[in-house]
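Right, one structure below, let's go through it.
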Amino acid sequence: MGLLQLLKSQFLCQLIICYVFLVSGLIVNLLQLCTSPLWLVNKQLARRVNVKLGYCISSQMVAALEWWSGTECTLYTDPQSYPLYGNENAIVVLNHSFEIDFLCGWTFCERFGVLGSSKVLAKEQLSYVPIIGWMWYFLEIVFCKRKWEEDRRTVAKSLQKLRDYPVNYWFLLFCEGTRFTQKKHEISMQVAESKGLPKLKHHLLPRTKGFWITVQNLRGTAAAVYDSNLNFRDKAAPTLLDILNGKKFHADLYVRRIPLESIPEDEAECGAWLQRLYQEKDTFQEHYAKTGRFPGPTVSPPRRPWTLINWLFWACLLLYPLGLLFAQLLSSGSMLTIVFSVALCFAASLGVRWMIGQTEINRGSSYGDKEVPLNNN
Ligand SMILES: CCCCC/C=C\C/C=C\CCCCCCCC(=O)SCCNC(=O)CCNC(=O)[C@H](O)C(C)(C)COP(=O)(O)OP(=O)(O)OC[C@H]1O[C@@H](n2cnc3c(N)ncnc32)[C@H](O)[C@@H]1OP(=O)(O)O
Ligand SMILES: CCCCCCCCCCCCCCCCCC(=O)OC[C@@H](O)COP(=O)(O)O
């Protein structure tokens, strides 16, 4: 292990990264809250300000991936579509098998200049996660309960609000609805069988309603669907803790641009279209499993310095007062203050660990792992 790698694996370094993330995140959340009156006066300006503020938070996690862990990203895509990325609104359909797939998604957003404004159809539970969930509230992220009776109205309403968003965005949809586990895969393939659909090897059966409602509500606003497949070289399955430990990975992303006009408007036809898309996605994943690459030409969009500059800014701002506080604490000699400070640090570490836990598949929800009565034929 090299010296740099040894340094990256040190708990103290990780503690510093988490401290900067936690404190700057809460400051940004507070600033976002302060924009509330602006929404009433100038909504488009409030949105633009929140995009910048959101960037201050999400780009720190991207910086951890790009600069701290040094993870590399290769994009497999058609060169004619490449110039459009970042210059139009798009719906991104991505496979959902990795704990850091959202972070890799963010990295690509960053490289095409849409990180601050990126959107997702997310499960409601994530809106309660401090910093990220609170940030999402001001970025007008669409939350769902994964209960169609309620979601069909609330999701459509939130999507309608995005029609006049003042900056380009990518709207991410994990149509599988939950992360891939062996058990969820078996159950969803039983559902596929009962619906007379071909079995998928690398994906869960997609849930079609969220896709249909998104396409219908963003028609005329989003120009295309970016069908995307993510994999890591050497069959790696990185975790957020790996990234904090500074471990390097290589992500491969395959993106096909599909004009939105080519997607059927009718709900049933649109659902069937999505099922066919997932059958194709499955063949791309199989191709990757066999050959270690996706079909077609590659580009490696370069990482930009802004994520690092943003992190350095917050680190300079927040580490100096921490140092002063630490020195004062030691010189005060008060046992009570020291014990209180240690307890506070311990509580903060537990909080961060809980947040990281939200990304872990083995702590994931039970959505999709219950047997369903198979009477859909
Ligand atoms: C290019 C690089 C990437 C760029 C990245 C861009 C942006 C980044 C932005 C942010 C990054 C942060 C990411 C955070 C990630 C958070 C993601 C999540 O939270 S994923 C979970 C939430 N999202 C979804 O669930 C979306 C997909 N779900 C749906 O669309 C659902 O339909 C729904 C709208 C949520 C409603 O769900 P509900 O369960 O109520 O209804 P369903 O229609 O799905 O279910 C009934 C239907 O399904 C059949 N069924 C039953 N069991 C199963 C099963 N196990 N598998 C499949 N299908 C099943 C059942 O028979 C019914 O069928 P039918 O429709 O025929 O009646
Ligand atoms: C700078 C770096 C500092 C890092 C330290 C702190 C990190 C805290 C990170 C908190 C991140 C919270 C964002 C969570 C995004 C999780 C995305 C996700 O993948 O959700 C799962 C859902 O799709 C489906 O859920 P399941 O049904 O599988 O259950």
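The values are calculated or read from the model by the stated rules, or taken from the named source; none is laboratory data. Just so you know, these numbers come straight off a predicted model, no measurement behind them. Note that we place each Cβ from the backbone using ideal geometry, even for glycine, and neighbour counts take in every protein chain shown.
If you go through the range 94-117 and keep only what is away from ligand 2 (no atom under 12 Å from the Cβ) and closer than 26 Å to Lys145 by Cβ, you end up with Cys109, Ser117.
Comparison of Leu40, Leu53 shows that the only residue that is exposed (fewer than 14 other Cβ atoms within 10 Å of the Cβ) and of a type in the set (A, V, I, L, M, F, W, C) is Leu40. Here is a check on your reading of the model: is Ile187 near ligand 1 (Cβ under 8 Å from one of its atoms), β-branched (Val, Ile, Thr) and buried (at least 20 other Cβ atoms within 10 Å of the Cβ)? Taking the combined requirement at face value, the residue does not satisfy it.
Look at the range 56-110 and say how many of its residues are closer than 30 Å to Leu30 by Cα, in a helix (DSSP H, G or I), among the hydroxyl-bearing types (Ser, Thr, Tyr) and more than 10 Å from ligand 1 (Cβ to nearest atom). Final tally of qualifying residues: 1. Just one of the numbered conditions (1) touching a Phe, Trp or Tyr at 6+ places or on another chain (Cβ under 7 Å); (2) buried (at least 18 other Cβ atoms within 10 Å of the Cβ); (3) assigned to a loop (DSSP other than H, G, I, E, B) is not true of Lys247: (1).
Scoring Glu261 on the criteria (1) among the charged types (D, E, K, R); (2) assigned to a strand (DSSP E or B); (3) more than 30 Å from Ala64 (Cα to Cα) leaves a single failure, condition (2). Answer with yes or no whether Ser300 is surrounded by fewer than 11 Cβ atoms within 10 Å (Cβ to Cβ) and under 30 Å from His96 (Cβ atoms). The answer is yes for Ser300. Number of residues in the range 140-180 that are near ligand 1 (Cβ under 9 Å from one of its atoms) and more than 26 Å from Gly368 (Cβ to Cβ): the value is 1.
Just to be sure, is Phe171 under 17 Å from Asn89 (Cα atoms) and in contact (Cβ under 8 Å) with a residue 12 or more places away in the chain? Spell out the reasoning first.
On the way: under 17 Å from Asn89 (Cα atoms): yes; in contact (Cβ under 8 Å) with a residue 12 or more places away in the chain: yes.
Yes.
Residue check: Arg152 meets all listed conditions (1) basic (Lys, Arg); (2) more than 14 Å from ligand 2 (Cβ to nearest atom); (3) assigned to a loop (DSSP other than H, G, I, E, B) but one, namely (3). Would the range 347-356 turn up any residue that is outside any helix (DSSP H, G or I) and within 15 Å of ligand 2 (Cβ to nearest atom)? Looking through the range 347-356, none of the residues is outside any helix (DSSP H, G or I) and within 15 Å of ligand 2 (Cβ to nearest atom).
Scanning the range 168-222 for residues that are more than 16 Å from ligand 2 (Cβ to nearest atom), under 19 Å from Glu269 (Cα atoms) and in a strand (DSSP E or B) yields one hit, Arg219. For the range 111-130, the candidate set comprises residues that are among the β-branched types (Val, Ile, Thr) and near ligand 1 (Cβ under 9 Å from one of its atoms); within that set, the residue that is farthest from His96 (Cα to Cα) is Val114.
If you take the residues of the range 284-323 that are among the hydroxyl-bearing types (Ser, Thr, Tyr) and over 24 Å from the mean Cα position of the chain (by Cα), which of them is nearest to Leu75 (Cα to Cα)? Steps first, please.
So in the range 284-323, the residues among the hydroxyl-bearing types (Ser, Thr, Tyr) come out as 288, 291, 298, 300, 307, 320.
From the residues that got through so far, the ones that are over 24 Å from the mean Cα position of the chain (by Cα) too are 291, 320.
Details: Thr291: 16, Tyr320: 39 Å.
Going through the qualifying residues, I end up with Thr291.
Taken together, the criteria place Val120 among residues that are modelled with pLDDT of 95 or more, in a strand (DSSP E or B) and under 25 Å from Leu33 (Cβ atoms). Of everything listed in (1) outside any helix (DSSP H, G or I); (2) over 13 Å from the mean Cα position of the chain (by Cα); (3) more than 14 Å from ligand 2 (Cβ to nearest atom), the single unmet condition for Ser158 is (1).
Residue-by-condition table, conditions (1) under 18 Å from Glu360 (Cβ atoms); (2) of a type in the set (A, V, I, L, M):
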{"site": "Tyr82", "(1), (2)": "no, no"}
{"site": "Gly86", "(1), (2)": "no, no"}
{"site": "Asn89", "(1), (2)": "no, no"}
{"site": "His96", "(1), (2)": "yes, no"}
{"site": "Ile100", "(1), (2)": "yes, yes"}
{"site": "Cys109", "(1), (2)": "no, no"}
{"site": "Val114", "(1), (2)": "no, yes"}
{"site": "Ser127", "(1), (2)": "no, no"}
